[in-house]
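The values are calculated or read from the model by the stated rules, or taken from the named source; none is laboratory data. Remember, predicted model here, so these are calculated numbers, not experimental data. Reconstructed Cβ throughout: ideal geometry from the backbone, glycine too, with neighbour counts over all protein chains shown. When the accessible area is computed, the model is the full protein with side chains, heavy atoms only, and any ligands, DNA or RNA have been set aside. Shrake-Rupley method; radii C 1.70, N 1.55, O 1.52, S 1.80 Å.
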Amino acid sequence: MSSFNTTNDDFDLKPKRYRTLDEFYNEAHQSLEADRIGYLIIFIALGLANVGDASESGSVNFLLADEDFQKELLGDNDGFLASSLYIGMLVGGIFTGPISDVRRGRRTVLMMGLLITSCFGIISALSGTFWQLCICRAVVGVGVGTVGSSLLALTTEHTPSAQRGRYIALVSASWTIGAVYVAVVAFWLFGTLNTSWRIYLLVNAIPSFLALVMVWLFVPESARHLALQGHYREATAVANYLGESMGHTERAMQLEEINAQFNVKREDKTLRQVVMSIRNLYRKNIRGRTLIIQFTWFTLTYASGINVWLARLYSDMEMPHVYTLGLVYALGSLPANVVAYYLIDRFSRVRLLVASGFLMTLSLAVFSTISEYSQNPLMFMTVGCVLNLTYVLSWTVLAVVTAESFPTSVRSTAVGVSAATGRLAAIAMNLVTGTLLNQATAPTIIFGISGMASFLGVLMLVIVPIPNMTGEPLEDI
């Protein structure tokens, strides 16, 4: 009589367990003998792109306060110049976000934005008339908006879920470096050397060009985006490249694992799909969070729009050492980045956003009050540092919340549309502020309106909270 021996290995009826990208990235990041220099270089390159955005966005602040520029080109057109950049940012964000999701990918769109920003930043310095300058700054804004729509999505999709907040905070912190860079350049060129505003604009275009080179050399396309487009082999290669750059030496990500997670029907990359990407933000399951995040972007952008006018307001109030005050104000945001880095993955993102928004409202209220009764530089310096700290903390948390609240299929679209909503607020803020400048109580009114915008944003988050995604896997579809 023959025997038929079986083992559990012969008849293992359990389905094979495939890892997701989030699980693989978390596993790779926990490598005990990790040398993450290559991985950190990716985020240094992404951070430098954010520095470029910050330097171009913040350059108008000190440009408006330069007396030579006022006499040569500006005249009484303050509001138009300040708004031109944001008009471009609105266009860049709302159109290139869907293109990044549906057609070109995050890396290509990011490089395109950096190229536009750096080229037209240089061309701006050659402008012969005010309206030529406005057109150039609007095109720079298109580049800045293009960078913003893809940068946040790419950063989010390259990170492990357990450390996602910290890496996004790290890239967001580079905005502060850009703000300090602008302030130092203004202090050096305007405050010390008393040189031309054209040199100032040329120097501010440098970070975007350097970022373009760094992204081209070191930053890969998003594995999630590639997989959703059906490019499974390329997605697997990128995932393993990121894993190796984190120091991972164990089992590599397999093609069948990517295929199992992202086995979806590919759709034609048509203009209709670009439009549908925007419409998908308002489908029933995510409509609520889309509207709340858009409203938060609108109110926070209006409240923080005062940054564009601070040096000019100081100058109109005849305060001494305008460029020194601007530099100290920029440096005051550095502690906020440290706070954000250590708290972002430890506490609820929404609670951090509400707390920082509340402190922002209080700071703006104090600013509005003291601007009517005092011209003490030390007092303005102290309150300004606290105010800028709340700005940076709020924007860092909002960047994380926006990026992780939406699935990969519409993430860049969500960032672009949310940012475009904020640009509408920035345009409105700049036009309103430009019309109020000649009034004796202008600083009090301007700070007061900004404080009300901040309060409304905080109130909405308290009444209608959005889901907390701290440490949770990203959605893909």
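Computed from Cα atoms alone, the Kirkwood hydrodynamic radius reported for region 111-240 is 16.7 Å. Computed from phi, the 3J(HN,Hα) profile of region 330-337 under the Karplus parametrisation 6.51, -1.76, 1.60 (θ = phi - 60°) reads 5, 5, x, 7, 4, x, 5, 5 Hz, with x in place of Gly and Pro. How fast does region 328-411 diffuse by Stokes-Einstein, in µm²/s, taking the Kirkwood radius from C-alpha pairs at 10 °C and 1.306 mPa s? It comes out at roughly 115 µm²/s. How big, in percent, is the set of alpha carbon pairs in region 196-260 lying more than 21 Å apart? That tail contains 45 percent of the Cα-Cα pairs. Per residue, the chain exposes 43 Å² of accessible surface when a 1.4 Å probe is rolled over the protein heavy atoms with every protein chain present. Three semi-axes describe the equivalent ellipsoid of region 388-477; taken as square roots of 5 times the Cα gyration tensor eigenvalues and ordered largest first, they are 32, 15, 10 Å.
Within the chain, the proportion of Cα pairs with more than 40 Å between them is 21 percent. Just the protein heavy atoms count here, and of the accessible area of region 333-409 at 1.4 Å, carbon and sulfur take up 73 percent. With q set to 0.14, 0.19 Å⁻¹, the log10 of I(q)/I(0) for region 39-189, from the Debye formula over equal scatterers at the Cα positions, is -0.69, -1.12.
Counting every C-alpha pair in region 170-292, the share spaced more than 20 angstrom apart comes to 69%. Label-to-label distance, VAL462 versus THR195, with points set 7 angstrom from Cα along the beta-carbon direction: 4.9 nm.
When only alpha carbons are used to place a centre, region 57-132 and region 276-304 end up 24 Å from one another. All C-alpha to C-alpha distances of region 44-122, sorted into 10 Å bins beginning at zero, yield P(r) values of 15, 43, 28, 12, 2 percent in whole numbers. Here the Karplus relation 6.51 cos²θ - 1.76 cosθ + 1.60, evaluated at θ = phi - 60°, turns the backbone of region 218-225 into coupling constants of 10, 9, x, 5, 5, 4, 5, 5 Hz, with x for every Gly and Pro.
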